[in-house]
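In what follows, a single structure is set out as structure tokens and then discussed.
The values are calculated or read from the model by the stated rules, or taken from the named source; none is laboratory data. Predicted model only: the values in this text are computed from it and were never measured. Neighbour counts are summed over all protein chains in view; Cβ atoms, including those assigned to glycine, are modelled from backbone coordinates with ideal geometry. Accessible surface is based on the protein model in full, side chains and every heavy atom, while ligands, DNA and RNA are left aside. Shrake-Rupley method; radii C 1.70, N 1.55, O 1.52, S 1.80 Å.
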Amino acid sequence: QVLLVESGGGLVQAGDSLRLSCAASGRTLSIDVMGWFRQAPGKEREFVAAISRRGLITAYADSVKGRFTISRDNAKNTMYLQMNSLKPEDTAVYYCAASDRVQVVTGRDEYRYWGQGTQVTVSS
């Protein structure tokens, strides 16, 4: 099993920055691609960003391209999401996810392990 724990969420104003972290423990050697998803009230959980095991390949949702940066430190078993120029529409619960897929994937069903989520609220 793999345990994922997110941290770093909070309440910020539009234009501010936040950095989310996702710490993985357990059978971390079994996971390759990691990603971030988010879910706003009344909406489906949506893909935000994903990163390959070595960090060489990344993917982003169009809505966050140029503002968010995903990274990972395998020595620390930790993944990050640097969020800049935050907008009110970025308000959501952000979830960390891990997959045993080697190729970077964006579908929710491709991810086997999920964290409990961290709330990000951006006020206007």
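Points to keep in mind about this one:
- Output for the range 91-102, where each listed residue is part of a strand (DSSP E or B) and among the hydroxyl-bearing types (Ser, Thr, Tyr): Tyr94, Tyr95
- Some residue of the range 66-77 being among the small types (Gly, Ala, Ser), more than 18 Å from Gly9 (Cβ to Cβ) and open to solvent by 50 Å² or more (accessible area, probe 1.4 Å): yes
Residues are listed down the side, and each one gets a yes or a no for (1) modelled with pLDDT under 95; (2) touching a Ser or Thr at 6+ places or on another chain (Cβ under 8 Å):
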position: Gln13; (1), (2): no, yes
position: Gly26; (1), (2): yes, no
position: Gly66; (1), (2): no, no
position: Ile70; (1), (2): no, yes
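- Breaking point among (1) surrounded by 15 or more Cβ atoms within 10 Å (Cβ to Cβ); (2) touching a Lys or Arg at 6+ places or on another chain (Cβ under 9 Å), for Glu44: (1)
- Counted residues, the range 105-114 - those being open to solvent by 40 Å² or more (accessible area, probe 1.4 Å) and either of a type in the set (Ser, Thr, Tyr) or not in a strand (DSSP E or B) (or both): 5
- Given (1) in contact with a strand residue (DSSP E or B) (Cβ under 7 Å, 6 or more places away or on another chain); (2) not in a strand (DSSP E or B), index of the condition Val120 fails: (2)
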